[in-house]
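Asks: Can you read through this structure? Questions will come right after.
Derivation of every value follows stated rules applied to the coordinates shown; laboratory data play no part. Quick caveat: nothing in here was measured; it's all calculated off a predicted structure. Cβ placement follows ideal geometry from the backbone for every residue including glycine, while neighbour counts extend to all protein chains displayed.
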Protein chains: 2
Amino acid sequence: MTENPRKNARTVRSPIGPDLICGDWTTEAPMRMMMNNLDPDVAENPHELVVYGGIGRAARTWGDFDKIVDSLKTLNTDETLLVQSGKPVGVFKTHKDAPRVLIANSNLVPKWANWDHFNELDKKGLAMYGQMTAGSWIYIGSQGIVQGTYETFAEAGRQHYGGDLKGKWILTGGLGGMGGAQPLAAVMAGACCLAVECNPDSIDFRLRTRYIDEKAESLDEALEMIDRWTKAGEAKSVGLLGNAADIFPELVKRGVRPDIVTDQTSAHDPINGYLPIGWSMGQWRDKRESDPKLVEKEARASMKVQVQAMLDFHAQGIPTVDYGNNIRQVAKDEGLENAFDFPGFVPAYIRPLFCRGIGPFRWAALSGNPEDIYKTDQKVKELLPDDKNLHNWLDMARERISFQGLPARICWVGLGDRHRLGMAFNEMVANGELDAPVVIGRDHLDSGSVASPNRETEAMQDGSDAVSDWPLLNALLNTASGATWVSIHHGGGVGMGYSQHAGVVIVADGTPEAAKRLERVLWNDPATGVMRHADAGYEIAQECAREKGLNLPGIL
Amino acid sequence: MTENPRKNARTVRSPIGPDLICGDWTTEAPMRMMMNNLDPDVAENPHELVVYGGIGRAARTWGDFDKIVDSLKTLNTDETLLVQSGKPVGVFKTHKDAPRVLIANSNLVPKWANWDHFNELDKKGLAMYGQMTAGSWIYIGSQGIVQGTYETFAEAGRQHYGGDLKGKWILTGGLGGMGGAQPLAAVMAGACCLAVECNPDSIDFRLRTRYIDEKAESLDEALEMIDRWTKAGEAKSVGLLGNAADIFPELVKRGVRPDIVTDQTSAHDPINGYLPIGWSMGQWRDKRESDPKLVEKEARASMKVQVQAMLDFHAQGIPTVDYGNNIRQVAKDEGLENAFDFPGFVPAYIRPLFCRGIGPFRWAALSGNPEDIYKTDQKVKELLPDDKNLHNWLDMARERISFQGLPARICWVGLGDRHRLGMAFNEMVANGELDAPVVIGRDHLDSGSVASPNRETEAMQDGSDAVSDWPLLNALLNTASGATWVSIHHGGGVGMGYSQHAGVVIVADGTPEAAKRLERVLWNDPATGVMRHADAGYEIAQECAREKGLNLPGIL
Ligand SMILES: NC(=O)c1ccc[n+]([C@@H]2O[C@H](COP(=O)([O-])OP(=O)(O)OC[C@H]3O[C@@H](n4cnc5c(N)ncnc54)[C@H](O)[C@@H]3O)[C@@H](O)[C@H]2O)c1
Ligand SMILES: NC(=O)c1ccc[n+]([C@@H]2O[C@H](COP(=O)([O-])OP(=O)(O)OC[C@H]3O[C@@H](n4cnc5c(N)ncnc54)[C@H](O)[C@@H]3O)[C@@H](O)[C@H]2O)c1
């Protein structure tokens, strides 16, 4: 270990197979999943504990990582480990149906909930940014985001282009942990994609994992490809090395018209996530250490330029959407009054799904065996025989998405289906169909687990965008229902001050007790989403609640 | 019911005695305690659902109150009711060891966590201010605060006057729900007290309940009493009808020197809690409806005047302390740069107790029978035979404090004692010594359950004042340990944006299952406080953790 408690040369991968290192699968599972988050095939910068999304970490320091592992190895099945911003702080006696791990990451009292104060604490070793699934140990690499992005692009296609994206192209920025999913999702949805990315390594990484088809070093080269593919009706993607804050305005200037415009640079983190105009990557790296204030200032000014270009596209009638990185807010703070003229992707395309508790449900095979996932894929098809879209997704995912770390699958399914899948998987573990238990979880940005007024809860029908009672109730209820680990985070996705959200993971270890917990947790968790949207007045949610027989005393 | 869903002529009191209305004591208890919070002998303004602290409510509307009662009446012992800012939003299947009620009140995403946004939501019927124990149903009237205040004044006496407050007097403002405890606590601690209060009803209420000895309508009259009493070495108190923002500077001008200065007007809520200089009560009431912005502006300006006077006392070497109403912050925002020159009462007097998990532990007799409390008083003396201070407190409390609503007792006891008391009370319920079960809880402003940088976590040794992972972990752990109800609030005490905290209540119904839960919850809850302070570097806490054998992996 070096002097810096966050740097380490060690390579971490989750153990695989059916043999336990910890006392029980409910403690083994969080250990494997934390390690899996730092697998070099999964994490963006594993040696510095960074999983994804700028500085989203799995543990506060390497010392804390080791102590979490040690604690889980000795944790009894009636004990609970508390993790406070990536540091294991206490082991307490609870009971078997209680979670084994409870996590709170980056939560700050509102008045102090900004990057300045966070960074001050972080410097003193008192903080860790947990993003969403980084600090809650259920990140599964880029696949996690592919289906969400796919659904978003497909819905955009339905709304604006009669459901057919053939010959259309999408302009975006950023090919990082989440953004890297864009070209693949676009292609799966039938569109071409031009993604501007300033880091050549990120482009190469996406080429290697087949998430992107081609790479270009000049705008002319990239536009030529797009022109060729769209004319031929081929769905292909190109990563253009460059700065989105240069390229977007240049396209406006040239009068080039993409068919959809969005962006996934890490604009939510102005110090670490967005390359300022005119800077080299090396300069950026150096200045982040030596003069973070300057980096922030320049990055914010550059974002304003990029958002201005997005507004220009929007003004021409081109569907333009903020992909949840808070870039409109920064531009607005920098003086761009009409930055919110174009919508966020959630109210535009995702909310109708959330109203039915549909969201980023996912699972991972602790065996490490890809066959376990293929078998669960098959089980999903069996249990949801009529969902063509889902069957297509499973086929395409199998074909086009390489597993990273522990094999995993994501399916956007909702209330009434999640618990059926979970119990079926548990049955498959019990009867030996699967080599080892699976863990089942989701992203924090789900139907009932997030308050994030510039993203997931933007423009709620009743104006309750900023009410964060909902994700807190979600976390409490999941704890009460017997999830294996539960987390409450602040600032994920859109940065400090702008979001509060909760995560949940539960292990299907094949026991009858797990079956009961799965039934409760995987019903209650999406049900809180239906409840939250029903309360806000969405008819789809109210109908769903009635149909599923939810008991919502003050609402229905 | 009138047009206003928050106004009602109905009088609510908790049912008493051993017969159940709900299915079980774990559902009966939250119902009785919510009703008890609105008992006219307990609540400040029960017909508007206001329990204490400005606008701290027990339920969002009277309709919600009724629906909460209905839900609890039919709730099964393996179900959990969710309450979102005073509204019952869902009933979900959990299990017997899970809480029966989970509550989240007034939580807002940080960037929107201010009074303006809260008031906007409140107007739309989307919010409720839960204060601390108002919205979490464990307010027990002024007694709750008497011991805290008593300990504070006594400690101030030890630090500044050799432990003897005879012939000394305390100047303060505000005789509301909490502030009304000050004259009685001062007298119990051996001091005289002059309390400035603008509402004659509040003074009369305190006279009736024997919390204050005399009333004065002019400053001269009040000062004459103080002079007479201090000279005679008598500990007595007077309530002066007036505006603290007038009287405090007037005293400075006259060169009068109190021995201790503090204030408990509801400065945390500038719209509803603080009478502006020169305004009549009637004017204030009207303008709060017709021009809240003006009220706020004038109140804030007046607070600045009062804080300037407090700074003047402080500059003369008079012990001056902020009693947790955020008045320094308002004055600072109004331009008083050195507003924080005098300390908050927590770092000054309370933190050493918090380091050992000592805080506002309390219980209430669901039987309604005062004898049940006297028997538990006796049990406490038996189990803690060497704590003279505590024995004195119990004797004085019995003599001087009238019960309000359900008979209740508060004792500041810490880790290692709370669970012993809880289990002993459960035993007393089991063997019929008590007429009915008791509920056991605490204030939110306890050792491990609050992040409030201007009050409970002001000036933490490591600078972690604003880290709110701790109260969230506390709530999650109490949920996992089997508390009967658990709550997460925002903005209690110091107002929107300035605090996050958690509450817990558990019922001792005499069953063996309750005994197990009590042992876990009443150990774990204060233990999180010791953990939080040990992590911050307090030696008292680290010693306590070692002595009690806590397992704190990343800390010890
Ligand atoms: N569903 C959602 O809500 C959702 C989904 C995906 C992403 N997001 C948001 O999108 C952002 C990206 O997420 P991520 O995980 O991919 O982050 P990341 O940090 O892993 O990747 C960001 C990428 O942007 C590149 N980049 C930075 N500045 C650039 C510039 N000026 N021009 C071109 N490229 C630039 C970086 O090199 C990096 O590869 C985050 O803010 C995230 O919160 C939200
Ligand atoms: N332990 C703690 O941290 C702690 C303890 C007690 C009180 N507090 C804080 O103290 C404040 C008071 O609490 P409360 O429950 O008594 O509130 P409350 O609203 O019930 O009472 C406030 C009282 O102040 C009076 N008042 C308002 N403006 C006045 C003025 N200008 N001059 C004189 N009197 C005035 C009101 O008439 C009212 O009686 C709150 O901000 C509370 O959070 C904190």
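Asks: Other chains near A:96-105: what is the mean number of their Cβ atoms within 10 Å of each residue's Cβ?
Replies: Taking all residues of A:96-105 together, the mean is 5.
Asks: Follow-up. Please turn the phi angles of the range A:124-131 into ³J(HN,Hα) values with the Karplus equation 6.51 cos²θ - 1.76 cosθ + 1.60 (θ = phi - 60°), one per residue in order, whole Hz, x for glycine and proline.
Replies: Ordered by residue, 3J(HN,Hα) equals 7, x, 9, 9, 8, 8, x, 6 Hz.
Asks: Take every DSSP beta bridge whose two residues both sit in the protein assembly as shown, then give the antiparallel share in percent to the nearest 5.
Replies: 55 percent
Asks: Find the centroid of the Cα atoms in the range B:322-401 and in the range A:177-216, then give the distance between the two in whole Å.
Replies: Cα centroid to Cα centroid, the span is 60 Å.
Asks: I want the antiparallel fraction of DSSP beta bridges within chain A, as a percent rounded to 5.
Replies: Restricted to chain A, the bridges split so that about 55 percent are antiparallel.
Asks: How many Å³ per residue does the convex hull of the Cα positions in the protein assembly as shown occupy?
Replies: Cα convex hull per residue, to the nearest whole number: 157 Å³.
Asks: Which loop-located GluC sites (Glu not before Pro) does the range B:323-420 contain, where loop means any DSSP state but H, G, I, E or B and the Cβ has at most 12 other Cβ atoms within 10 Å?
Replies: When the GluC sites (Glu not before Pro) of the range B:323-420 are filtered for loop state and at most 12 Cβ neighbours within 10 Å, B:337 remain.
Asks: Pairs of alpha-carbon atoms within less than 8 angstrom and 6+ residues apart define the contacts here; what relative contact order does chain A have, in percent?
Replies: 15 percent
Asks: Separate question: Going by amide H atoms built from the backbone, whose H comes under 5 Å of the H on residue A:240, apart from near neighbours?
Replies: For residue A:240, the qualifying residues are A:195, A:196, A:197, A:216.
Asks: Cα centroid distance between the range B:34-52 and the range B:442-471, in Å?
Replies: A separation of 28 Å, based on Cα centres.
Asks: Between the label point of residue A:70 and that of the same position in each other copy, find the distances and list them shortest first in nm, with every label point placed 7 Å from Cα along the Cα-to-C-beta direction.
Replies: 5.6
Asks: Ok, one more. Normalised by the number of residues in the range A:461-556, what is the relative contact order in percent for Cα pairs under 8 Å and 6+ residues apart?
Replies: 25 percent
Asks: Let me ask another. Pop out the ³J(HN,Hα) list for the range B:488-494 in order, Karplus 6.51 cos²θ - 1.76 cosθ + 1.60 with θ = phi - 60°, rounded to Hz; leave Gly and Pro as x.
Replies: Running phi through 6.51 cos²θ - 1.76 cosθ + 1.60 with θ = phi - 60° gives 10, 10, 10, x, x, x, 9 Hz.
Asks: Could you pull out the pairs from A:96/A:375; A:304/B:332; A:67/A:287; A:124/B:297; B:379/B:548; A:381/A:548 whose alpha carbons sit more than 31 Å apart here?
Replies: Where the Cα-Cα span goes over 31 Å, the pairs concerned are A:304/B:332; A:67/A:287; A:124/B:297.
Asks: Something else about it: Amide H to amide H, which residues 5 or more places from residue B:14 or on other chains are under 5 Å from it, using H placed in the peptide plane?
Replies: Result for residue B:14 returns B:36.
Asks: Using only helices, what value at 222 nm comes out for the protein assembly as shown when you add -39,500 (n - 2.57) per DSSP H run of length 4 or more and divide by the total residues, to the nearest 500 deg cm²/dmol?
Replies: -13000 deg cm²/dmol
Asks: Another question, if that's okay. Of all beta bridges DSSP finds with both residues in the range B:1-150, what is the antiparallel percent, to the nearest 5?
Replies: Roughly 65 percent of the DSSP beta bridges within the range B:1-150 come out antiparallel.
Asks: Just to confirm the numbers: residue B:9, label point 7 angstrom along the Cα-Cβ line, distances to the other copies in nm, shortest first?
Replies: 8.3
Asks: Shifting gears a bit: When the Karplus curve 6.51 cos²θ - 1.76 cosθ + 1.60 is applied with θ = phi - 60°, which whole-Hz ³J(HN,Hα) does each residue of the range B:318-335 get, with x for Gly and Pro?
Replies: 7, x, 10, 9, 7, 9, x, 10, 6, 5, 5, 4, 4, 4, 5, 4, 7, x
Asks: Checking understanding here: applying a Kyte-Doolittle mean of at least -1.0 and a length along the axis of at least 27 Å (C-alpha), which whole DSSP H helices in chain B pass?
Replies: Span-like helices in chain B: B:292-315, B:512-535.
Asks: So which trypsin sites (Lys or Arg not before Pro) in the range B:346-446 are both in a DSSP loop and have at most 14 other Cβ atoms within 10 Å of their Cβ?
Replies: Those that pass, being in a loop and sparsely packed, number zero.
Asks: Enter the Cα centre distance for the pair the range A:489-556 and the range A:252-308, rounded to the nearest angstrom.
Replies: Value for the Cα centre distance between the two parts: 36 Å.
Asks: Quick one: which residues, 5 or more positions from residue B:168 or on another chain, have an amide H under 5 Å from its amide H? H modelled 1.01 Å from N in the peptide plane, none for Pro or chain starts.
Replies: Distant-sequence amide H within range of residue B:168: B:192.
Asks: Here's something else I'd like to know. With viscosity set to 0.890 mPa s and temperature to 25 °C, compute the Stokes-Einstein D of the range B:423-509, Rh being the Kirkwood radius across alpha carbon pairs; µm²/s, no decimals.
Replies: D, rounded to a whole number, is 174 µm²/s.
Asks: Taking square-rooted eigenvalues a ≥ b ≥ c of the alpha carbon gyration tensor, is the range A:164-236 rounded, prolate or oblate, where a/c under 1.5 means rounded and, failing that, a/b exceeding b/c means prolate?
Replies: It is oblate, given that a/c is not under 1.5 and a/b is not larger than b/c.
Asks: Any idea what the residue B:162 label distances to the other copies are, label 7 Å down the Cα→Cβ vector, nm, shortest first?
Replies: The answer, with the shortest distance listed first, is 9.7 nm.
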